[in-house]
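The block underneath contains the structure these notes are about, expressed in structure tokens.
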Amino acid sequence: MSSRVKRRFIAGATCPSCKALDTVSLYFENNVEKLECVKCGYAESQTDDNVKSQTREKENVIGIFKPQ
Ligand SMILES: [Zn+2]
């Protein structure tokens, strides 16, 4: 189990790939918000400007991933 980067799981989030619930973790790498499913390995980077400003609020409501 790697713990190099600080990450936390997003409650209620569903993986867009394997559809598993509560397996998606959120962490920052090089100041880029990234999502990773610990079950299937799905990874996604959030680089939109509005993501940063809405991160705090988004944490509470995230559950659906918008396709790129
Ligand atoms: Zn998954």
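What's the carbon and sulfur percent of the range 6-45's accessible surface, probe 1.4 angstrom, rounded to a whole number?
Working: 1180 of 2360 Å².
About 50 percent, which is the carbon plus sulfur part of the accessible surface.
So what is the relative contact order of the range 1-48, in percent, for Cα pairs below 8 Å that sit 6 or more residues apart? Let's see the in-between values first.
Values: 82 pairs, mean separation 13.1, N = 48.
Taking the mean separation of contacting Cα pairs over the length of the range 1-48, I get 27 percent.
Taking a 1.4 Å probe, which of T14, T47, T23 shows the most accessible area, and what order do the others take after it?
On the way: T14 45, T47 100, T23 20 Å².
The ordering from most to least exposed comes out as T47, T14, T23.
How far apart, in nanometres, would the label points at C40 and F9 be if each is projected 7 angstrom from Cα along the Cα-to-Cβ direction?
1.7 nm
Mind jotting down a quarter of the surface of the convex hull over the alpha carbons of the range 1-48, in square nanometres, one decimal?
On the way: hull surface 13.8 nm².
Average projection, Cα convex hull of the range 1-48: 3.4 nm².
The values are calculated or read from the model by the stated rules, or taken from the named source; none is laboratory data. These numbers come from a predicted model, not from an experiment. For neighbour counting, all protein chains shown are included, and Cβ atoms are generated from backbone atoms with ideal geometry for every residue, glycine included. To get the accessible areas, we keep the full protein, side chains included, count just its heavy atoms, and leave off ligands, DNA and RNA. Shrake-Rupley method; radii C 1.70, N 1.55, O 1.52, S 1.80 Å.
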